[in-house]
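Throughout, read-outs are computed from the coordinates displayed, never taken from laboratory work. Since the structure is predicted, the reported quantities are computational estimates derived from the model, not experimental observations. Cβ placement follows ideal geometry from the backbone for every residue including glycine, while neighbour counts extend to all protein chains displayed.
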Amino acid sequence: MADSIEWAGAHEHFTLIDGDEEAPDGQTPNEGNDWGYIALVTGGCAIVGNPAEILELLSDGISKVSAHLAGQ
């Protein structure tokens, strides 16, 4: 995990990288292990986890943005 935040704009497009495929930086989501991980990469940032974890994270993000909009 990164020690700092890499910022990516919402206008960036995601690329899905599966298991042992290489990201632009040469790393892989599984890092040589058979974890079944994938990565969503955008603007130099990667979200790594198994597919269910990533869907849960994105769903939680949608809920938080929706609540923010509802509160405005």
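With axes computed from alpha carbons, what is the tilt in degrees of helix 51-70 against the longest principal axis of the chain, rounded to the nearest 10 within 0 to 90?
Approximately 20 degrees, to the nearest 10.
In nm, to one decimal, how far is the Leu16 label point from the Asp34 one, both placed 7 Å along Cα→Cβ?
2.2 nm
Which whole-number percent is the relative contact order of the chain (Cα, under 8 Å, 6+ apart)? Before the final figure, lay out each step's value.
Values: 81 pairs, mean separation 17.4, N = 72.
Reported relative contact order: 24 percent.
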